[in-house]
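Quick note: the coordinates plus some simple rules give every number you see, no bench work behind them. Model, not experiment: these values are computed from the prediction. Neighbour counts are summed over all protein chains in view; Cβ atoms, including those assigned to glycine, are modelled from backbone coordinates with ideal geometry.
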Amino acid sequence: MTVFTKNRERLIAGEVSGQLLLAVVEQARAGNLLSEEHFTVDGTLIQAWASRRSFRGKQDPPSRGTGARGRKLLRDTHESATDPEARLYKKCGAAAAVPSYLGHVLTENRNGLVVGAMVTQSGTTAEREAALRMLDGMKRRGPITLGADKSYQQAEFIGGLRARQIAPHVAEYEPNPKWPNWLGEKERSDPGFSVSQRKRKLVEKVFGWAKQDRMRQVKLRGRARVEWLFQLLAAAHNLLRMQKLIPAQ
């Protein structure tokens, strides 16, 4: 193991990138660069450093799966020999499933700065679960709004936001019995709803910048290592934005 690798492992074990991101957020807050009331959440697929051919049947699969009513899913029966924590997943129907993780960010709506970032294993519920975890870990001074795309339009998630005094500004599906919407009329007619929907596009700039190089296909294995890099890039993104937002002294 090289000196660089040893030092990187120490930084990962110490959760240094997460602490750095928090410190940068506090610096932005001190400079009055953050919205304290309006936020956006989104997730992106991060291709793992593994191939589809690396997936093999598990030697000791569980007797009960993680699917509905205990149904066994691919993640219960197979894993990658290269990166066991990566899962085969696709975010849209037209794409091919690839070994991957999901990266999640919570941004404020004034300047699009990242206030929370994490990585999870890929899964259909991971984005909504990660959103609630990041919201629970965020400093709050009162009720807030949260903008999100249609993948967050789900009854349990909307209920979770309401229970936390968070106004759900979540994009809605066209009327369709297969894809119901869960917003109330008061939430839907909130004047801030359309503003949140416009502002949530800012989060795409974070993903676009991160995927120019390091995060399109990450060259690290294991969720903790991928998260370390993801949070480090989130902190770097904020610093670059803040450099443009803070006037020269």
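Excluding same-chain neighbours fewer than eight residues apart, the aspartates and glutamates reachable from residue 219 by a Cα-Cα span under 17 Å are 9, 83, 85, 227. Listed options for percent of Cα pairs over 31 Å apart are (1) 23; (2) 44; (3) 29. The value calculated from this structure is the one marked (3).
Contact order for the chain, expressed relative to its length and based on alpha carbon pairs under 8 Å spaced 6+ residues apart, stands at 26 percent. For the listed peptides 144-151, 180-187, a ranking on the average number of other beta carbons within 10 Å per residue, highest first, reads 144-151, 180-187.
For the stretch 17-140, the relative contact order comes to 28 percent (Cα pairs under 8 Å, sequence separation of at least 6).
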